[in-house]
Each structure stands twice: as C-alpha cells, then as structure tokens.
1. Is it true that I19 is within 22 Å of P186 (Cα to Cα), within 16 Å of the ligand (Cβ to nearest atom), modelled with pLDDT of 95 or more and not polar (S, T, N, Q)?
2. Condition test on V148, is it under 17 Å from L193 (Cβ atoms) and not small (G, A, S)?
3. Taking the options L210, L198, name whichever one is part of a helix (DSSP H, G or I), among the aliphatic types (A, V, I, L, M), more than 10 Å from the ligand (Cβ to nearest atom) and buried (at least 16 other Cβ atoms within 10 Å of the Cβ).
4. Do the conditions hold for D227, that is, is it within 29 Å of G98 (Cβ to Cβ), within 14 Å of the ligand (Cβ to nearest atom) and open to solvent by 50 Å² or more (accessible area, probe 1.4 Å)?
5. Among the residues of segment 8-38, write down those that are open to solvent by 40 Å² or more (accessible area, probe 1.4 Å) and without any contact (Cβ under 8 Å) to a residue 60 or more places away in the chain.
6. For residues that are among the hydroxyl-bearing types (S, T, Y) and either more than 9 Å from the ligand (Cβ to nearest atom) or modelled with pLDDT under 95 (or both), scanning just segment 147-191, find the one that is surrounded by the most Cβ atoms within 10 Å (Cβ to Cβ).
7. Kindly indicate which of A66, A41, A48, A54 is assigned by TED's automatic domain parsing to the domain that holds S123 and more than 15 Å from the ligand (Cβ to nearest atom).
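The values are calculated or read from the model by the stated rules, or taken from the named source; none is laboratory data. Computed from a predicted structure; not experimentally measured. Cβ: placed from backbone, ideal geometry, glycine included. Neighbour counts: every protein chain shown. Protein only, heavy atoms only, side chains kept; ligands, DNA and RNA dropped before computing areas. Shrake-Rupley method; radii C 1.70, N 1.55, O 1.52, S 1.80 Å.
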Amino acid sequence: MTGRMAGKVALITGGGSGIGRAAAQQFAREGAKVAVLDLRAQAATETADIINSAGGTAIAVTANVAVASEVEAAVAEVVSRLGAVTALYNNAGVDSAGNVEVTEERDWDRCFDVNAKGTYLMSKAVIPHMRAAGGGSIVNQGSVAAMVAVPNFAAYCAAKGAVVALTRSMAIDCAPMGIRVNAICPGTVFTPLMEPMLRARGDGDLEAGLAKTVAKYPIGRLGAPEDIAAVALFLSSEEACFLTGSTVAADGGMTAQ
Ligand SMILES: NC(=O)c1ccc[n+]([C@@H]2O[C@H](COP(=O)([O-])OP(=O)(O)OC[C@H]3O[C@@H](n4cnc5c(N)ncnc54)[C@H](O)[C@@H]3O)[C@@H](O)[C@H]2O)c1
C-alpha cells in the first residue's frame, strides 16, 4: 500500500462484480475505507469480505441506484458507519441490446434509470456530505459507446452519452465546492456484463466473438477490470487535483482510430 487514498471514504456502486470489485480492492489497498454498494447483497458482501480478509476496511451496502429512497438510506448508512464519503465512483450500469426499432420502452427506461438516473441520485445524496467534508471526487462510468456508435446498442449509447454530459455539468457546478467530477469511457472489458454481447458477436461462439472484438483494439487485447479501476483510482486521488470535467477514454486506442 502506498496510501494514495489514506483518510478517504470511498463509495463504489456496482462493487459486487467486474470493474467495481476491482476498484473496491484497489481503493482499499491504497488506504481508503470502502463502501461496496450493489443491488445484489451477496455480491457486495463477497467483495467486502475479500477486502477485509486482506487487511483492508470495507462494508457492504445493498441498494438499487435507480431508487431514490434506497440511495438515500444507503448513503446515510455509509456516512454513519464510515464517515462522510469523499470519493464516489458511480460505476453501476446495465446495457441493453438492440437498435431503436426493436428496443422495448422498458429496456430503454432501465438503461437510463440505472446508468444516468443512478448517477444523478447517488451524486445528489453524496454531495452534501462531500461538501461538508471540504471536498472530494466523483468519477462517473461512461463507455466508448458515449463516444462512438456501437451497432445495435441504441439505449446504452444514449444513456452513457447522458452520463458524460452530466459529468461536465456537475464538474462546473461542483468546482466551487472543492468537488472534482470526471468520467471514464472504458472500451470492452471482459466481465459478466459483456459476455452475452461477445457471444452474440461470434454468432454464439464466445472465442470467435472475442477475436472479432480484439481486432478493433490497436493495443491488441481487451481491457481487464483492473485497467479501468486504476484510472478510477488515479482520478479519485490527489494526483488528479487539476482534473475536472474530463472524459478519459480507457480503451486501448479504440476511439483514437
Ligand atoms: N465491461 C465492459 O466492457 C464495459 C465497457 C464500458 C463501460 N462499462 C461500464 O462499467 C460499469 C461496470 O461494468 P462491469 O462490466 O463491471 O459490469 P458487471 O455486470 O460485472 O457489474 C455491474 C455490477 O453493477 C450491479 N448493478 C446493476 N444494476 C444495479 C443497480 N440498479 N443498483 C446497484 N447495483 C447495480 C450489478 O449487480 C453488478 O454487480 C457499467 O457502468 C458498465 O456499463 C463496462
């Protein structure tokens, strides 16, 4: 541990899996007390257990980021158990396959509810505590789908675009409070979220789907959850003290082409 997050209380949404779990572990290794929030109680507990067994400090909190009452209760619980949140990583997200013609209204709404509204609700609940603590950092999870069109992912592209626009808006509003707000746009990372998409891209064959996807990445591989977690850690640390309103493409060069 080098203590880049010493003294900070970090709240990571979607911390029960994939990128969120990797981030929770990295933040804890750097000295943060970590609240792992997830819709799935057992998944959040597993992440917290991994951290606590490794000598870190973590608690598990269950909430749906798209439901205001659950978000408010979860943030109150985190503040009472760990103290004011000074690093929020709005990572929880869901995708939805389909172009506009075939996307069902309920899938469109779910995509916006979790990705965009969840980011708004979590930030709304955390900002008063962060401001009272003298400032902090918010990192919002976008996607390369906010920067370039991903075929047949209309609702996801639109919802992640909203997250990136919200990041810029929050950054200028929160700057006077000492709160920095940045977004990460990850390229494809092999996590449970992505497996169905990779399988579909290979006409049912996961290996074929992986090969087709890797071909789009100049760096010659897909991302690992740890690659994205490291960017979130940097943006949440004092090393990034002059960054706000930024959108960092963590995508192995995919959107540089
Ligand atoms: N994996 C990728 O290739 C990739 C690429 C770009 C962006 N992203 C984004 O990164 C984030 C994490 O993705 P991942 O691949 O680690 O996904 P994942 O499915 O492995 O993990 C997401 C976690 O979020 C939780 N979650 C889902 N809905 C929730 C809700 N309403 N409230 C609270 N928790 C909820 C899930 O239970 C799960 O534990 C998402 O926002 C995703 O859109 C992922």
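1. Numbers: within 22 Å of P186 (Cα to Cα): yes; within 16 Å of the ligand (Cβ to nearest atom): yes; modelled with pLDDT of 95 or more: yes; not polar (S, T, N, Q): yes.
Spelling it out, I19 is indeed within 22 Å of P186 (Cα to Cα), within 16 Å of the ligand (Cβ to nearest atom), modelled with pLDDT of 95 or more and not polar (S, T, N, Q).
2. Numbers: under 17 Å from L193 (Cβ atoms): no; not small (G, A, S): yes.
It is false that V148 is under 17 Å from L193 (Cβ atoms) and not small (G, A, S).
3. Numbers: L198 fails: more than 10 Å from the ligand (Cβ to nearest atom).
Criteria check complete, one pass: L210.
4. Details: within 29 Å of G98 (Cβ to Cβ): yes; within 14 Å of the ligand (Cβ to nearest atom): yes; open to solvent by 50 Å² or more (accessible area, probe 1.4 Å): yes.
Criteria met by D227.
5. Just the residues of segment 8-38 that are open to solvent by 40 Å² or more (accessible area, probe 1.4 Å), to begin with: 21, 25, 29, 33.
Within segment 8-38, R29, K33 qualify.
6. Going residue by residue through segment 147-191, those that are among the hydroxyl-bearing types (S, T, Y) are 156, 167, 169, 188, 191.
Next, from what is left, pick out any that are either more than 9 Å from the ligand (Cβ to nearest atom) or modelled with pLDDT under 95 (or both): 167, 169, 191.
Details: T167: 26, S169: 11, T191: 19.
This residue is T167.
7. On the way: A66 fails: more than 15 Å from the ligand (Cβ to nearest atom); A41 fails: more than 15 Å from the ligand (Cβ to nearest atom); A48 fails: more than 15 Å from the ligand (Cβ to nearest atom).
Residue meeting the stated conditions: A54.
A quick yes/no check of all residues on (1) assigned to a helix (DSSP H, G or I); (2) more than 25 Å from G15 (Cβ to Cβ):
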| residue | (1), (2) |
| --- | --- |
| A159 | yes, no |
| V163 | yes, no |
| P176 | yes, yes |
| R180 | no, no |
| I184 | no, no |
| T191 | no, no |
